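Values in this text are rule-based calculations from the coordinates and carry no lab data. Note that the structure is a prediction, hence the values are computed from the model and not measured. FYI the Cβ positions are ideal-geometry reconstructions off the backbone, even for glycines, and counts take in every protein chain you see.
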Amino acid sequence: MYCHRTTCRVIYADTDTMGYAYHANYFRWFEIGRSEMFRFLGLPYREIETKGIFLPVSDLGCRFLLPVRYDDQIMVETSLDHAVKGGMKFDYTVYIVESDRIVATGYTRHACVNGDGKVVRPPPFLRDLINQYLKL
């Protein structure tokens, strides 16, 4: 299965007083991975919203395996779970680039809602995106 990869660096503001990346930043890195995957597939998240569809997080989780520190370069692998039909689910693996060690795994689930906040099925343009993803 295809995994999109994107890298970023742990900045000083990402760390706590012990010098480790603060746990909530992993969810921000998941969002970076998800957003960059959408962009790679030719549909930046901004365009999804322009079409009147929003993807709020309905569930999320993270398992922390190893700490990361200031100035570590990390890689976020993002994959789309195509088995989910009523919304979207993304799986993530975070690595330290220098050591290629897995530091965290996680997921986010997203509902599809329209501009009125009503839950809707993924529209054809999102289903097309998922089909495009499955061909990679």
About the Cα centre of the stretch 4-134, how large is the charge dipole given +1 on each Lys and Arg Cβ and -1 on each Asp and Glu Cβ? Please answer in debye to the nearest 20.
440
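Count the net charge of all other residues whose Cβ sits under 15 Å from the Cβ of residue 54, scoring Lys and Arg as +1 and Asp and Glu as -1. Walk me through the numbers before you get to the answer.
Numbers: positive: 34, 46, 51, 109, 118, 121; negative: 31, 47, 49, 116.
Neighbour charge sum, excluding residue 54 itself: +2.
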Specify the angular offset, from 0 to 90 degrees and rounded to the nearest 10, of the alpha carbon long axis of helix 124-134 from the longest principal axis of the alpha carbons in the chain.
50
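With a sphere of radius 11 Å drawn around the Cβ of residue 5, what net charge do the other residues whose Cβ falls strictly inside it have (Lys, Arg +1; Asp, Glu -1)?
With Lys, Arg at +1 and Asp, Glu at -1, the net is -2.
Using 0.36 nm per residue of separation minus the Cα-Cα distance, give me the extension gain between residue 65 and residue 9 in nm, one decimal. If you can, show how the numbers build up before the last one.
On the way: separation 56, 0.36 × 56 = 20.16 nm, distance 1.81 nm.
Here the segment from residue 65 to residue 9 would lengthen by 18.3 nm.
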Using a Gaussian network model of the chain with C-alpha springs under 10 Å, which one of 124, 56, 67 is most mobile by mean-square fluctuation?
124
Say the dipole of the chain comes from +1 at the beta carbon of Lys and Arg and -1 at that of Asp and Glu; which of 110, 40, 30 then lies farthest toward its positive end?
110
Full-extension gain between residue 114 and residue 27, please, as 0.36 nm times their residue separation minus the C-alpha to C-alpha distance.
29.0 nm
Excluding residue 100 itself, calculate the net charge of residues whose Cβ lies under 13 Å from the Cβ of residue 100, where each Lys or Arg counts +1 and each Asp or Glu counts -1.
-1
Run through the stretch 33-106 and list the GluC sites (Glu not before Pro) located in a DSSP loop whose Cβ has at most 13 other Cβ atoms within 10 Å.
98
Reduced to Cα centres, the span from the stretch 58-77 to the stretch 34-52 in Å works out to 23
Which of [x] 35; [y] 21; [z] 26 is the computed percent of Cα pairs over 23 Å apart? It is [x]
Relative contact order (%) - the stretch 4-134, alpha-carbon pairs under 8 angstrom, separation at least six
28
Note the angle between two axes, namely the Cα long axis of helix 25-40 and the longest principal axis of the Cα atoms of the chain, as a number of degrees from 0 to 90, rounded to the nearest 10.
50
